1. Exactly one of these conditions fails for A:Ala160: (1) within 7 Å of another protein chain (Cβ to nearest Cβ); (2) farther than 20 Å from A:Ala86 by Cα; (3) within 20 Å of the chain's Cα centre (by Cα). Give me its number.
2. Just to verify a result, which residue in segment C:29-48, among those that are charged (D, E, K, R) and touching a residue at least 12 places away in the same chain (Cβ under 8 Å), is farthest from D:Ser36 (Cα to Cα)?
3. Collect the residues in segment A:111-131 that are part of a helix (DSSP H, G or I) and touching a helix residue (DSSP H, G or I) at 6+ places or on another chain (Cβ under 7 Å), keeping them in residue-number order.
4. Evaluate the following for B:Val49: is it touching a helix residue (DSSP H, G or I) at 6+ places or on another chain (Cβ under 7 Å), in the same structural domain as B:Ser128 (by TED's automatic domain parsing) and surrounded by 19 or more Cβ atoms within 10 Å (Cβ to Cβ)?
5. Say we look at segment A:11-50 and pick out the residues that are within 11 Å of DNA strand F (Cβ to nearest atom) and within 12 Å of another protein chain (Cβ to nearest Cβ); which of these is farthest from A:Met109 (Cα to Cα)?
6. Read through the list (1) free of Cβ contacts under 8 Å to residues at least 40 places away in the same chain; (2) within 8 Å of another protein chain (Cβ to nearest Cβ); (3) of a type in the set (Asp, Glu), then give the number of the only condition that B:Glu149 fails.
7. How many residues does segment A:10-48 hold that are out of contact with any Asp or Glu (no Cβ under 7 Å at 6 or more places or on another chain) and either in a loop (DSSP other than H, G, I, E, B) or under 15 Å from A:Gly60 (Cβ atoms) (or both)?
8. Under the condition of being surrounded by 10 or more Cβ atoms within 10 Å (Cβ to Cβ) and free of Cβ contacts under 8 Å to residues at least 12 places away in the same chain, which residue from segment C:16-28 is farthest from DNA strand E (Cβ to nearest atom)?
There are 4 protein chains.
Amino acid sequence: MQNRTPAGRTGRPRNAAADTAILAATREALVELGWSRLTLGDVATRAGVAKTTLYRRWAGKHELVVDAVAELFDELELPDSGSLAADIEGVVLQFAAILARPEARSGLMAVVAEATRDDALRERIRASIVDRQLRLVLEGRARAQRRGELPPEPDPAESARTVDLIFDMVAGAVVHRTLVSGKPADQEWVHGFTRVLLLGLTARPGEPDGAGGPDKAAGRV
Amino acid sequence: MQNRTPAGRTGRPRNAAADTAILAATREALVELGWSRLTLGDVATRAGVAKTTLYRRWAGKHELVVDAVAELFDELELPDSGSLAADIEGVVLQFAAILARPEARSGLMAVVAEATRDDALRERIRASIVDRQLRLVLEGRARAQRRGELPPEPDPAESARTVDLIFDMVAGAVVHRTLVSGKPADQEWVHGFTRVLLLGLTARPGEPDGAGGPDKAAGRV
Amino acid sequence: MQNRTPAGRTGRPRNAAADTAILAATREALVELGWSRLTLGDVATRAGVAKTTLYRRWAGKHELVVDAVAELFDELELPDSGSLAADIEGVVLQFAAILARPEARSGLMAVVAEATRDDALRERIRASIVDRQLRLVLEGRARAQRRGELPPEPDPAESARTVDLIFDMVAGAVVHRTLVSGKPADQEWVHGFTRVLLLGLTARPGEPDGAGGPDKAAGRV
Amino acid sequence: MQNRTPAGRTGRPRNAAADTAILAATREALVELGWSRLTLGDVATRAGVAKTTLYRRWAGKHELVVDAVAELFDELELPDSGSLAADIEGVVLQFAAILARPEARSGLMAVVAEATRDDALRERIRASIVDRQLRLVLEGRARAQRRGELPPEPDPAESARTVDLIFDMVAGAVVHRTLVSGKPADQEWVHGFTRVLLLGLTARPGEPDGAGGPDKAAGRV
DNA sequence: ATTTAATCGAGACGGTACGTCCCGTCTTGTA
DNA sequence: TACAAGACGGGACGTACCGTCTCGATTAAAT
């Protein structure tokens, strides 16, 4: 994951169990202490490992936490609920549930904050967390197209842009709701959000457009 | 701002200019060093102030940065562009421009991260940053209603929920685009985002609904 | 004591009671906290006085403590016990009793320590504490001469040297016993000490001299 | 010296040279700055050592200075001058010479002052400085007994009491002369002091006793 | 079986920043 | 003027972690 396999074959090999123990200890410490009070010395102690061992495998606190948090998001699965709207609602709810867990909340924003000044870290976050979950959007769209809920994509560039937009809107809204507004992203909220998102993506523009005839607009703002 | 006004009348009064200098020095340090390398000792030096003076007024790094960043968002203004869509685009662009500035990027996510474990800090962020900008959503809606672009609100509770949702969607998407995806929230992106948002909020559900007739949907996903 | 009388007559006169209160508060703080933890801010608070008032009258911690401790030694009185030996024992016991009090122990050595690098402070100690008690030696000798226990002094220079020597031996031995050896300078010890001192000062040298016939020496070493 | 030898075998061993460098730096700083201006940060810098290293080995300023000063007194040697009086004079002169050095003057009284409120510190002073030099008294007496200048000790308890008394008188008088009276403990003074001390210890009580016939007393008071 | 080389635990190390405490000065309003 | 109150610039404190290093002791693969 984070470390080159030893490459050269001679010498004592690394203890593979240590990686697992360290990442688990990291999440445990995140829960108990939060990002800012978490120290690598403490993580090493919890993992029953020397500090040197930890530094041999990770460059620092940020990298370690990215890996520890990334594992959490691998649990995400696209449910097959029969309709696109229900599929999206299901996945957003799962995402919200993960963000509600303290080991994710605390660490995720912190590494994002640091990534604003550290390109390598941002790349690591993208690779470990964001890109790995793009699969959900892609698979969801494909399934909806198979069902006939969505038309096929004529323009690949436009398609990629839309995938990015959906991802930013979903992840952004849930994160903001959970971490900034400090309110739960519960069933009701997710339903309302999904409705607006899907309507916005699929409604015919022109007619009941935002700039269009107000007399007919029934939407609530 | 952060400190009880002296209230009691005796003793030497606080130097009001120090507050201004400290907040400016904080932003300067955020630009040069970023959140994690910013130290209060350095900020004090930059502001030409003793470290003790700084600690007398702010409880710590997080509180200080919240106040320093909050001032940035007070620049936001709702443009009067003639249409709701254009107004929203204008304000989102302004918001994106602020988030593009390093003094905002670096500090904002860090305090949000810390706020996940510190209720007082979250409250401070809400009061200093989030709630102060809710005015934009409220005023924008009122103006659109005056123009006839939006109907009046029948249900106050539903209305508040929608304002919250809009705020989470706008702020969340822009933040995620800028800080996580690491791509610019430029004119083009803002236009696309605004279109989806407004359509989602105003389109008549039922007809070209996400669950509705796929054959007619012209939306791009 | 420590401060020039205001001299110029205009303006609000100093509160004379403050001096007393400050010195008492200093001794109180010495008892409770010892020298190293005593702070001028705390003394001011105890005395019900502002820090400014304290600094207007004393230059610093050292000067203040010298004055506070000096007052303790003014209690010393030469008892009239009928014999030189008994007079000396009495005064040495009184001296030991003062040194046993925490307000004296703690402060005295500290100012002496500082005086090794501060000539003005050493002079202040000499004037306030040491010289004021030379009277005891002088009066004791005069009384013994009146009684016929000691011969009159033929040589004034030699006389002054002897007074100094006595003072250094008495004060030094008691201080060392009390503060360094950490054992009480009690009746028994004072008796033994006085015996050696007086014998050393009055015995005819030459005969049972330390360099003399060892076979006849009955002294204990 | 001050720190448990590593005992346990694991881990990087302490750098023994650091102890030496730190104690030397401490004495250097005492000379230049005196006790009250000496800071541990400065000592660490002078020793080319991190502040943490210093704190890892000494509990604080007082303990450090005790050790730094204690080494000075290890230079003391009992000269073999042929007579008890000359031996004592020699050792007292050496002692006075050490106390005349600024690194001793400045620190010694300060730690004694602090020791009045800190039993552990007093014990450390006794063990590191006082008890280590008792050897001089013991050896001097033994040598004088071998020479026949002093009789053997019949009573061990009385003997110990006398050793203590001698130590308090010698150390006390020299310290007081040097640090309080502020006059040099030079050849002449030491000679006078030694004469009184030795006479007091060896003269036959009863005859020219302090309480005895004043007409025959030739001593000067 | 021995060598070889990397890993492991432990913990000392140089270093940076922390947040606190106290210093001695200053600036108010009141007496 | 003096005084109470308290803010101020400054300096040192002692602590906590950082990330590196030096140990002696394992531990396997390569000899």
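The values are calculated or read from the model by the stated rules, or taken from the named source; none is laboratory data. Only a predicted model underlies this, so the values are computations on that prediction, with no experimental measurement involved. Positions of Cβ are generated from backbone atoms using ideal geometry, with glycine treated the same way; all protein chains shown enter the neighbour counts.
1. Going through the list (1) within 7 Å of another protein chain (Cβ to nearest Cβ); (2) farther than 20 Å from A:Ala86 by Cα; (3) within 20 Å of the chain's Cα centre (by Cα), A:Ala160 breaks only (1).
2. Step one: of segment C:29-48, the residues charged (D, E, K, R) are C:32, C:37, C:42, C:46.
Restricting the remaining residues to those that are touching a residue at least 12 places away in the same chain (Cβ under 8 Å) gives C:42, C:46.
Values: C:Asp42: 20, C:Arg46: 25 Å.
Going through the qualifying residues, I end up with C:Arg46.
3. The first filter runs over segment A:111-131 and keeps only residues part of a helix (DSSP H, G or I), leaving A:111-115, A:119-131.
Matches in segment A:111-131: A:Val111, A:Val112, A:Ala113, A:Glu114, A:Ala115, A:Leu121, A:Arg122, A:Arg124, A:Ile125, A:Ser128, A:Ile129, A:Val130.
4. Working: touching a helix residue (DSSP H, G or I) at 6+ places or on another chain (Cβ under 7 Å): yes; in the same structural domain as B:Ser128 (by TED's automatic domain parsing): no; surrounded by 19 or more Cβ atoms within 10 Å (Cβ to Cβ): yes.
No: the conditions fail for B:Val49.
5. First pass over segment A:11-50, keeping only residues within 11 Å of DNA strand F (Cβ to nearest atom): A:11-16, A:29, A:33, A:35-45, A:50.
Filter once more, so that each one left must be within 12 Å of another protein chain (Cβ to nearest Cβ): A:33, A:35-38, A:50.
Values: A:Leu33: 15, A:Trp35: 9, A:Ser36: 11, A:Arg37: 15, A:Leu38: 14, A:Ala50: 28 Å.
Looking at residues that are within 11 Å of DNA strand F (Cβ to nearest atom) and within 12 Å of another protein chain (Cβ to nearest Cβ), I get A:Ala50.
6. Status for B:Glu149: all satisfied but (1).
7. Restricting attention to segment A:10-48, the residues satisfying the condition of being out of contact with any Asp or Glu (no Cβ under 7 Å at 6 or more places or on another chain) are A:10-22, A:24-26, A:28, A:32-35, A:37-45, A:47-48.
Restricting the remaining residues to those that are either in a loop (DSSP other than H, G, I, E, B) or under 15 Å from A:Gly60 (Cβ atoms) (or both) gives A:10-15, A:22, A:26, A:35, A:38-44, A:48.
Here the count works out to 17.
8. Applying the first criterion (surrounded by 10 or more Cβ atoms within 10 Å (Cβ to Cβ)) to segment C:16-28 yields C:17-28.
With free of Cβ contacts under 8 Å to residues at least 12 places away in the same chain added as a condition, the list becomes C:17, C:20.
Numbers: C:Ala17: 15, C:Thr20: 20 Å.
The qualifying residue farthest from DNA strand E (Cβ to nearest atom) is C:Thr20.
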